[in-house]
1. When all protein chains stay in place, what accessible area (Å², nearest 10, 1.4 Å probe) is found for residue 23?
2. With all protein chains present, calculate the accessible area of residue 49 using a 1.4 Å probe and round the result to the nearest 10 Å².
3. Quick one: pull the percent of accessible area on segment 88-136 belonging to carbon and sulfur, 1.4 Å probe, ligands and nucleic acids left out.
4. Given the whole protein assembly as supplied and a 1.4 Å probe, what does the accessible area of residue 39 come to in Å², nearest 10?
5. When Lys and Arg each count +1 and Asp and Glu each count -1, what net charge do the other residues less than 12 Å away from residue 90, Cβ to Cβ, add up to?
Amino acid sequence: MSENLKTIRELSDELGVSKQAIWQKIKRDASIDLRQFTSTKGKTVYVDVDGQKAIKSMFSNDSSTRYRQQKDDVDDNKKDAVDEQDEVKFLRNLVSEIQSEKKELHKLLDQQQRLALQDKKLLEEYKAEIKDLKALTMAPHDNGEKEVTSDKQPEPESSTPESQPKPKKWWRFGKS
């Protein structure tokens with residue numbers, strides 16, 4: 001084909017817009033008669049030089065499309081940079097919160113260990129006191145008697161066989 005003819009796709013690439021945007025502009029603008037600027041071969045539409053100028057002028061009336069797209073790309077990059085900065089701030093805050101919680105947990109663990117050590121010392125002291133009390137209760141008093149502990153029942157004083165009375169026989173025959 002001639003170098004003067006371009007497809008809608010080539011125009012859209014040149015202008016930096018989509019094919020649909022070009023078709024929509026053409027449909028909206030009643031001053032352009034598509035038939036006078038185009039020729040079709042199969043399903044492909046070719047636009048001549050005058051049609052190309054008309055289409056380009058429609059897009060140049062809007063502020064430059066490429067400039068707009070570049071600006072949008074820059075804005076997207078700024079948004080991405082801002083999003084990354086927000087994410088970094090969020091992660092830093094999260095790390096600092098985790099560190100403060102870790103410090104608090106270390107304090108609590110230290111307190112728990114100190115309390116456990118105090119309990120162990122108290123338990124050992126109580127055991128020593130109990131031993132001392134048992135030793136005192138088992139030691140003889142000045143009068144020679146043993147002290148009775150609350151755990152044991154008192155033994156009867158006459159527990160020897162000689163001190164117990166002998167049972168009497170109930171069958172006496174002929175003896176007076």
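The values are calculated or read from the model by the stated rules, or taken from the named source; none is laboratory data. Keep in mind it's a predicted model, so treat the numbers as computed, not measured. All Cβ positions, even for glycine, are placed from backbone atoms using ideal geometry, and neighbour counts span all protein chains on display. SASA here: full protein model, heavy atoms, side chains in, ligands and nucleic acids out. Shrake-Rupley method; radii C 1.70, N 1.55, O 1.52, S 1.80 Å.
1. Residue 23 has an accessible surface of roughly 80 Å² with all protein chains in place.
2. 60
3. On the way: 3030 of 5010 Å².
After summing per-atom areas, the C and S share lands at 60 percent.
4. About 50 Å², rounded to the nearest 10.
5. Around residue 90, the surrounding residues sum to -3.
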